[in-house]
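One structure below.
The numbers here are math on the coordinates, done by the rules we state, and not lab data. Keep in mind it's a predicted model, so treat the numbers as computed, not measured. With ideal geometry, Cβ positions are generated from the backbone for all residues, glycine too; neighbour counts draw on all protein chains shown.
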Amino acid sequence: MDGRTALAAEMRARWQELTDDLGGADRMSYAKRSLCERALWLEHWIREAERALAEGRPEDFDVSRWVYASNSLQGIFAKLGLDRVARDVTDLREYMAKAKAGGDG
């Protein structure tokens with residue numbers, strides 16, 4: 001996917017938000033990161049289907065596919081966990097050193 005598209009930017013932002021909620025992508029297994037990707041694409045597909053319905057195009061909305069996708073997304077979220085995971089807290093000296101060096105802490 002061309003990283004300059006609006007969809008790519010949106011997916012990157014959602015990826016960041018989802019993986020941050022799960023403790024950070026750097027702390028997640030490959031399997032969890034893969035499930036995050038699947039969840040984001042399912043969520044995107046569901047939103048597009050709902051948009052068609054909201055825009056008065058019911059012929060473009062397949063309720064059985066929407067239900068199937070919604071249930072699948074719920075299953076993925078259940079596997080990933082629905083609660084936010086706290087990141088490890090950095091030592092104050094380490095934080096100050098990173099901040100002084102221009103890091104994000």
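Which one, Ala97, Ile46, Gly56, is farthest towards the positive end of the dipole of the chain when Lys and Arg carry +1 and Asp and Glu -1 on their Cβ? Final value for the positive-end residue is Ala97.
Contour minus end-to-end for Asn71 and Asp21, with contour as 0.36 nm per residue of separation and end-to-end as the Cα-Cα distance?
Numbers: separation 50, 0.36 × 50 = 18.00 nm, distance 2.08 nm.
So the extension gain works out to 15.9 nm.
Net charge dipole, the chain: roughly 360 debye, given to the nearest 20, about the Cα centre with Cβ charges of +1 for Lys and Arg and -1 for Asp and Glu. A simple rule links phi to the HN-Hα coupling: the Karplus curve 6.51 cos²θ - 1.76 cosθ + 1.60 with θ = phi - 60°, which for region 70-78 gives 5, 5, 5, 4, 4, x, 5, 4, 5 Hz, with x for Gly and Pro. Using a cutoff of 8 angstrom between alpha carbon atoms and counting only pairs six or more residues apart, the relative contact order for the chain works out to 29 percent.
Against the longest principal axis of the chain, how steep is helix 6-21, in degrees 0 to 90 to the nearest 10, with axes from Cα atoms? Orientation of helix 6-21: about 60 degrees from the principal axis. Per the Cα gyration tensor, the chain maps to an equivalent ellipsoid with semi-axes of 35, 17, 11 Å, ordered largest to smallest. Residues whose amide H falls under 5 Å from that of Val85, counting only those 5 or more places apart or on a different chain, are Leu22, Gly23, with hydrogens built in the peptide plane.
Within the straight-line cut-off of under 29 Å between alpha carbons, the lysines reachable from Lys32 are Lys79, Lys98, sequence neighbours fewer than 8 places apart in one chain being disregarded.
Build a GNM of the chain with springs between Cα atoms under 10 Å apart, and of Asp26, Asp91, Asp62 the one that fluctuates most is Asp91. A simple rule links phi to the HN-Hα coupling: the Karplus curve 6.51 cos²θ - 1.76 cosθ + 1.60 with θ = phi - 60°, which for region 38-50 gives 4, 4, 5, 5, 4, 4, 4, 4, 4, 4, 5, 5, 5 Hz, with x for Gly and Pro.
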